[in-house]
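Step one of this worksheet: look at the structure below.
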Amino acid sequence: MKIRIRWTISLIVLLCSCKSLKDSWDNLNLFPVSQDVELGKQVNLEISNNQKDFPKVSEQGNEELYQYVRGVVHKILYNGSIDYAKDFAWQLTLINDIKTQNAFATPGGYIYVYTGLLKFLDSEDQLAGVLGHEIAHASLRHSTKQLSKMVGLQVLSDAALGNQETVKQVATAIIGLSFSRAHETQADSMSVIYLCPTEYNAAGASGFFKKIQGQPTQPEWLSTHPNPNNRIQNIDGKFKSLGCKGRETYVERYQKMKLLLDKIAPANGTNDTKTLPNSNPNQNKPGNTNKDKMGKTAPTNQGNGQDPHKKIEKPK
Ligand SMILES: [Zn+2]
C-alpha cells in the first residue's frame, strides 16, 4: 500500500511538473515588452505599405464605420483587465476585402479587421468576442512568445539592440506566424474574461464559431483545425463558470452598421480567401502551406502536440 501511495504521489508530482513545464514553455518570452511595441510598429508599416494584399478601408468617408468598430474595441480595452492597455497602440485598421472572414492583431496592439468578417457576423457581441480574442493575442504577447521558440538568441539580441534590419526580418516573420493550440484556447478564454464585466454577452466568440459551423460550405481550415465544438464548449463553459451577467447582443445596431459596408467600393485584387479570426490572412492563398486559422502551430511546434494555427499572415 505504501508503495502504491508513493507511486501515486510520484505520478501526481510528475504530472504537475509536466504541466507546469508546459505552461512555462507556453509562456516563455525572451523579448522585452518594448520589443512588442517596436515590432508592432514595423509590422504595421509593412502592412500599410502593402495595399495589394492589405487594401485599407479609407477612414475618410467611412468615419461612421470606423467609429462603430473602434467603439467596440474601446469597450473591451477599458474594462480594466487588459495587460498593456495603456502601453500598446491598440490601433484599428479595416481591410477592404468583403470575401475574407478574418481579423488579426500584431504585437503591440495593431488590430486589423476584414470587411468580410464584419459582413459575416450577425451581432455586436460576436464582433466583441472576436475582437476580445485578437486583443488577447496582443495583450498576452503570443507573437513574441511564439518567436522566442523559433529564432536564435543572436536574432533576439540584435532585435533588442535595435538592429533595424533584424527588426524588419522579425516583423516579416511575424506576418507569417501561427499561434499554438494553447495560445488559441487561452485567447478564447480571455475573450470571455474581457467581455464579462461589460454589458455584452461575454460568450460572443462562440456565436462566431456556431455560425461558421452552420455554413452550407465549410471553410477548408475546418478540416485541419481543432474541432470548433471544443472551442464553443470552452467559451460557453468559461462564460458559465464566471457567471457573466451581460446579455446584450445589439443585433439591430449591428445590422445597421453592416449597411455602411455596401458603400465601400471593392478594392482591386481582393481574392476569395476565407479565414477566421486570429488566423493567417495568407492561408489558402497560393503558395501558402499554412492551413489553420484562429491561432495555431508554428512549424517548429508541429509534432509537438500543437496544431497548426495562424496569426497574422500576409500573402507572399
Ligand atoms: Zn487566435
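Quick note: the coordinates plus some simple rules give every number you see, no bench work behind them. As the structure is a prediction and not an experimental result, all values here were calculated from the model. In this analysis, Cβ positions are derived from the backbone assuming ideal geometry, glycine residues included, and neighbour counts consider all displayed protein chains.
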Around residue 110, which amide H atoms from residues at least 5 apart in sequence, or from another chain, sit under 5 Å from its own amide H, with H modelled in the peptide plane?
90, 91
Among residues other than residue 232 whose Cβ falls under 14 Å from its Cβ, what is the net charge (Lys/Arg +1, Asp/Glu -1)?
+2
Going down the list 240/263; 75/145; 41/149; 41/245; 52/86; 145/258, which pairs span over 28 Å between their C-alpha atoms?
240/263; 41/245; 52/86; 145/258
Under the rule of at least 5 residues apart or a separate chain, name every residue whose amide H is placed under 5 Å from the amide H of residue 177.
311, 312
Return the sequence-ordered ³J(HN,Hα) values of segment 86-103 in whole Hz as given by the Karplus equation 6.51 cos²θ - 1.76 cosθ + 1.60 applied to θ = phi - 60°, using x for Gly and Pro.
9, 9, 8, 6, 6, 9, 9, 10, 9, 9, 7, 8, 5, 9, 10, 9, 8, 8
Derived scalar couplings ³J(HN,Hα) [segment 246-254; Karplus, 6.51 cos²θ - 1.76 cosθ + 1.60; whole Hz; x for Gly, Pro]
x, 9, 5, 10, 6, 4, 4, 6, 5
Quick one: which residues, 5 or more positions from residue 95 or on another chain, have an amide H under 5 Å from its amide H? H modelled 1.01 Å from N in the peptide plane, none for Pro or chain starts.
57, 113, 114, 115
Label residue 60 and residue 259 with points 7 Å out from Cα along Cα→Cβ: what is the distance between them in nm?
2.6 nm
Would you order 48, 206 from fewest to most other beta-carbon atoms within 10 Å of each residue's own beta-carbon?
48, 206
